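The values are calculated or read from the model by the stated rules, or taken from the named source; none is laboratory data. Here the structure is a predicted model, which is why all the values come from computation and not from measurement. Counting neighbours? That spans all protein chains shown, and the Cβs are built from the backbone with ideal geometry, glycine included. Areas reflect the complete protein model, heavy atoms only, side chains present, ligands, DNA and RNA absent. Shrake-Rupley method; radii C 1.70, N 1.55, O 1.52, S 1.80 Å.
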Amino acid sequence: MLKGVGVSPGISIGKAFLLDRRKIKVEKFTIAAEMVEGEVARFMDALQKSREQLLQVKEKLTQDLGGDQAHAHIVDVHILILEDEMLVNEAIKIVREERVNAEWALRKVLTRFANIFDQIEDPYMKERKSDIEHVGQRILHNLAGEKMRSLDGFDEDVIVVAHDLSPADTAQMHQSRVIGFATDLGARTSHTAIMARSLEIPAVVGLENICTFVKTGDPIIIDGTDGVVIVKPTPEEFREYLEKQRRYKYVIQELLKYSDQPAETLDGYKIDIMANIEFLDEIPHVLSRGAEGIGLYRTEFFYMNSPKLPTEEDHFRVYKRLAEQVSPRQATIRTLDLGGDKIESTLHVADEPNPVLGLRAIRFSLKHSDLFRLQLRAILRASAYGKLRIMYPMISGIEELRQANLILAEVKDELSSQGIYFDEDIPVGVMIEIPSASITADLLAKEADFFSIGTNDLIQYSIAIDRGNEHVAYLYEPLHPAVLRLIKRTVEAGHAEGIPVGMCGEMAGDPLSTLILLGLELDEFSMNTASIPIIKQIIRSVRLEQATELAYKALSFSTAKEIEEFVRREMSAKFPEFF
Ligand code: PEP
Ligand code: MG
């Protein structure tokens, strides 16, 4: 039994799949003259197998993702590389002339290609180098008679065990047969964890060395609620967890009965409950779980796993679909927030020593204003088809807000002069996720239409702990007095100027914090879908004054630990079924 950080609740019982990302080690063999043609045939065979696998992946992606073609395109790129004459002919030539094994010949060609790509300045072309390496690995796996490990091609349910998973890996799990995962690295608000919650698959991270205990095929249990993983469970453990899984499903089922009720306190104070999404095909599901709109659409996922930069039309199509599908409810589009842990993308955000403090989010957009304009144009055009809001990430002060709004005004003028219709009054909001923004919230509130508090980053920046680092995860405390004070002052500053204040960080979906946030009188909570029913149920069971009292009492303590103990006590007394 291993203990880690439970980042996505629920219990999964199944077979482990150990994702081993170590590259195949290639050794050199000389082969006898009469074996040469056999070696060439073996190589051609591996190419053919690789091609068939890629075509299968492509077919599956096209079926699963419907209109979302970006993921399927990357597979096309890989097929093209596989068919590249230079690559194929060169490798065969090396086998024949040097009488070496196909693996060695292929590795030689791949290295040559990599060197050529290293000379290229263009970031898009540079990125293609990793595609070539990826295809090369696939061929090598096939030469070795092994299946290439990707996370979307399973034909049975699996629980993935890996050293680490990138947000791009997790995106592949979408619509796949992965029913849970466990990793050595990671923490609660890393994007991989957030994705797990959105996909509603149980996950435990920060296990430090689970990879060394697990083999593919081992029976395994993931308890994402308590952060426990059991490898090769005993029959008693198996029974115990089966029962726990049944109870969990029952509670969720019960909660779902109330999902379409408003989140209104017994005395009529109403909170808008919105959902955070990364993919458009989540929309029907989140609406059926009771979301009253989309409070955060993370557009950067659109760039991840995508072989080319999306065009204005690509953006427009997606945002139009979002507006239409969510209509008549509101959808909030956050402008590009690449950077931090979300760096795997076509944009190839520069390697920086401190990416989290670097050129990310709105800073990146203001620097690359052509990309920003293109995104804003597409959002504005789509605003004619439903109720959209624009939200800027990582605003650190009023100047950035003004610069962004200046660009927005120019884009609006451009569209007007072209006679293109859009919502002239589209609300423009600011994410409050840097302490300096919270501290100057009174100034920002004068020039923004709404605030949305991004606690994932706000906590990271105010307590100075990397949100993805398991070694300092113990310091990541949403109920730290500093965090609560920053939230309180942000709400007060927003309300003083008459603008709504919401929260779209993970804290908004954490039942432990619900009454505090309610007591601080936030107007909107935006969260992962799975949390919606429970949060609604908590809000519906209290009077506002009870929440206010609890929030102010919490603020009177001096340490996060005292606050947490107090809140846990209160919440488990009020809601024994949830805590
Ligand atoms: C946040 O920082 O709280 C947030 C919602 O944005 P992200 O998690 O995408 O950084
Ligand atoms: Mg953020």
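Taking residue 277, is it free of Cβ contacts under 8 Å to residues at least 60 places away in the same chain, open to solvent by less than 50 Å² (accessible area, probe 1.4 Å), under 24 Å from the mean Cα position of the chain (by Cα) and closer than 17 Å to residue 171 by Cβ?
When the stated conditions are applied, residue 277 does not pass them.
Considering 361, 331, 323, 382, which residue is buried (at least 17 other Cβ atoms within 10 Å of the Cβ), at pLDDT 95 or above and under 20 Å from the mean Cα position of the chain (by Cα)?
Step by step, each of 361, 331, 323, 382 is checked, and only 331 is buried (at least 17 other Cβ atoms within 10 Å of the Cβ), at pLDDT 95 or above and under 20 Å from the mean Cα position of the chain (by Cα).
Here's the yes/no breakdown for (1) within 19 Å of residue 10 (Cα to Cα); (2) in contact with a strand residue (DSSP E or B) (Cβ under 8 Å, 6 or more places away or on another chain); (3) of a type in the set (D, E, K, R); (4) open to solvent by less than 10 Å² (accessible area, probe 1.4 Å):
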{"position": "235", "(1), (2), (3), (4)": "no, no, no, no"}
{"position": "240", "(1), (2), (3), (4)": "yes, no, yes, no"}
{"position": "266", "(1), (2), (3), (4)": "no, no, no, no"}
{"position": "293", "(1), (2), (3), (4)": "no, yes, no, yes"}
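Give the residues of region 64-86 that are at pLDDT 85 or above and touching a helix residue (DSSP H, G or I) at 6+ places or on another chain (Cβ under 6 Å), sorted by residue number.
Hits for region 64-86 are 79, 81, 82.
Counting only residues that are away from ligand 2 (no atom under 14 Å from the Cβ), within 19 Å of the chain's Cα centre (by Cα) and assigned to a helix (DSSP H, G or I), which one in region 452-489 is modelled with the highest pLDDT?
473
Residue-by-condition table, conditions (1) under 18 Å from residue 509 (Cβ atoms); (2) within 16 Å of ligand 1 (Cβ to nearest atom); (3) at pLDDT below 95:
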site: 205; (1), (2), (3): yes, yes, yes
site: 209; (1), (2), (3): no, no, yes
site: 222; (1), (2), (3): no, no, no
site: 227; (1), (2), (3): yes, no, yes
site: 234; (1), (2), (3): no, no, no
